[in-house]
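These notes are about the structure you will find just below.
The values are calculated or read from the model by the stated rules, or taken from the named source; none is laboratory data. Quantities reported herein were computed from a predicted structural model and do not represent experimental measurements. Counting neighbours? That spans all protein chains shown, and the Cβs are built from the backbone with ideal geometry, glycine included.
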Amino acid sequence: MPVEVVALYCYPVKSLAGGPVQGAEFGPRGIRHDRRWMIVDETGKFLSQRSTPSMCFLSATTTDSELRIQDRAGDCIVVDLAPTENRLAVRVWDDTVEAAPVALADEWLSDHLAKHVRLVYMPEDASRFAPGSSNQDPISFADGFPALVAGEGSLEALNERLGEPIGMNRFRPNIVVRGSAPFAEDEWRRIQIGDIPFHFCRRCARCNLTTIDPETARSGPEPLRTLAKFRLINQKACFGAYFGPEAAGTIEVGMLVLSG
């Protein structure tokens, strides 16, 4: 059975909800605009749903010229994609990165998250690389590597073990594939989608963000509890795999995935 791309997702603002796209431009950092913005506190440290679960109630999308952040009632803030020339140092995990402030969104976001926050953008000349990357994969504000791939078969295998099935959005993948065996993405060392070759980086070790229900912001023990019973690898519960693109190009839903 051929393996094909059945969904593509971009998450412009780290830890906010993203959205599906029919086609996506890929570069060295992954999907264009993916996690190129980040919300930070007053000290410049990044925020995520781990500490601020209500971030799941906000979603971000982009056009060719604008970033739009919206709440579930339809209230939104729209900012220009072009960053300012000003720079400030921000922290994401152990990395300190130069970022451009997007002050227009600060008050709106602070009101919605009930704390003083700032929105920042990663400019093209900012430098950050995946942790422990032998290939020196450049990355955005993402936690891991440029692109996260997950198979529908993997989710089905997990849901068969769960008392209540969950959606793929718990895992925030960039590329969802259909037609592969459960967890086949773990074994692929190279894949080709359209004109873009990808190299395998590592399995994705999951954190407690996956336990937050994106509809309610409530957390529970699943799916980590069940993943730990049959997907514990090096003491980490794993789901999905990271890949690094080796060329720029466009991927569209329906394209075949060639693996090796």
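Does D213 fit the bill of being within 20 Å of the chain's Cα centre (by Cα) and in the same structural domain as F171 (by TED's automatic domain parsing)?
yes
Would you kindly identify the strands (runs of 3 or more DSSP E) lying entirely within the range 64-107 that contain at least 1 residues that are under 15 Å from V120 (Cβ atoms) and in contact with a Pro (Cβ under 8 Å, 6 or more places away or on another chain)?
On the way: elements: 66-70, 76-80, 88-92, 95-101.
The qualifying strands (runs of 3 or more DSSP E) are 66-70, 88-92, 95-101.
Exactly one of (1) surrounded by 13 or more Cβ atoms within 10 Å (Cβ to Cβ); (2) modelled with pLDDT of 95 or more; (3) among the polar types (S, T, N, Q) is unmet by T96. Its number?
Only one criterion in (1) surrounded by 13 or more Cβ atoms within 10 Å (Cβ to Cβ); (2) modelled with pLDDT of 95 or more; (3) among the polar types (S, T, N, Q) is unmet by T96, namely (1).
Could you tell me whether R202 is basic (K, R), in a loop (DSSP other than H, G, I, E, B) and either at positive phi or in contact (Cβ under 8 Å) with a residue 40 or more places away in the chain (or both)? Outline the logic, then answer.
Numbers: basic (K, R): yes; in a loop (DSSP other than H, G, I, E, B): no; either at positive phi or in contact (Cβ under 8 Å) with a residue 40 or more places away in the chain (or both): yes.
No; evaluated as a whole, the condition is false for this residue.
Would you mind telling me which numbered condition in (1) assigned by TED's automatic domain parsing to the domain that holds T43; (2) surrounded by 14 or more Cβ atoms within 10 Å (Cβ to Cβ); (3) of a type outside the set (F, W, Y); (4) outside any loop (DSSP other than H, G, I, E, B) L148 fails?
(1)
Restricting attention to the range 143-157, which residues are touching a strand residue (DSSP E or B) at 6+ places or on another chain (Cβ under 7 Å) and not acidic (D, E)?
Of everything in the range 143-157, those that are touching a strand residue (DSSP E or B) at 6+ places or on another chain (Cβ under 7 Å) and not acidic (D, E) turn out to be G144, F145, P146, A147, L148, V149, A150, G151, S154.
Considering the range 201-227 alone, what residues qualify as being over 16 Å from P182 (Cα atoms) and in contact with a strand residue (DSSP E or B) (Cβ under 6 Å, 6 or more places away or on another chain)?
C201, R202, A205, R206, T211, I212, S219, L224
Restricting to the range 225-249, name every residue that is more than 18 Å from the chain's Cα centre (by Cα) and either touching a residue at least 40 places away in the same chain (Cβ under 8 Å) or closer than 15 Å to R172 by Cα (or both).
T226, L227, K229, F230, R231, E246, A247, A248, G249
Here's a check for you: in the range 162-174, which residue that is out of contact with any Leu (no Cβ under 9 Å at 6 or more places or on another chain) and either outside any loop (DSSP other than H, G, I, E, B) or in contact (Cβ under 8 Å) with a residue 60 or more places away in the chain (or both) is farthest from I251 (Cα to Cα)?
L162
Taking the range 28-83, which residues are within 21 Å of I251 (Cα to Cα), surrounded by 21 or more Cβ atoms within 10 Å (Cβ to Cβ) and in contact (Cβ under 8 Å) with a residue 60 or more places away in the chain?
Answer for the range 28-83, where residues must be within 21 Å of I251 (Cα to Cα), surrounded by 21 or more Cβ atoms within 10 Å (Cβ to Cβ) and in contact (Cβ under 8 Å) with a residue 60 or more places away in the chain: R29, G30, I31, D34, R35, R36.
Take V149 and decide whether it is over 15 Å from the mean Cα position of the chain (by Cα), at pLDDT 95 or above and hydrophobic (A, V, I, L, M, F, W, C).
No.
How about the range 180-208: which of its residues are surrounded by fewer than 20 Cβ atoms within 10 Å (Cβ to Cβ) and among the aliphatic types (A, V, I, L, M)?
A181, A184, I196, A205
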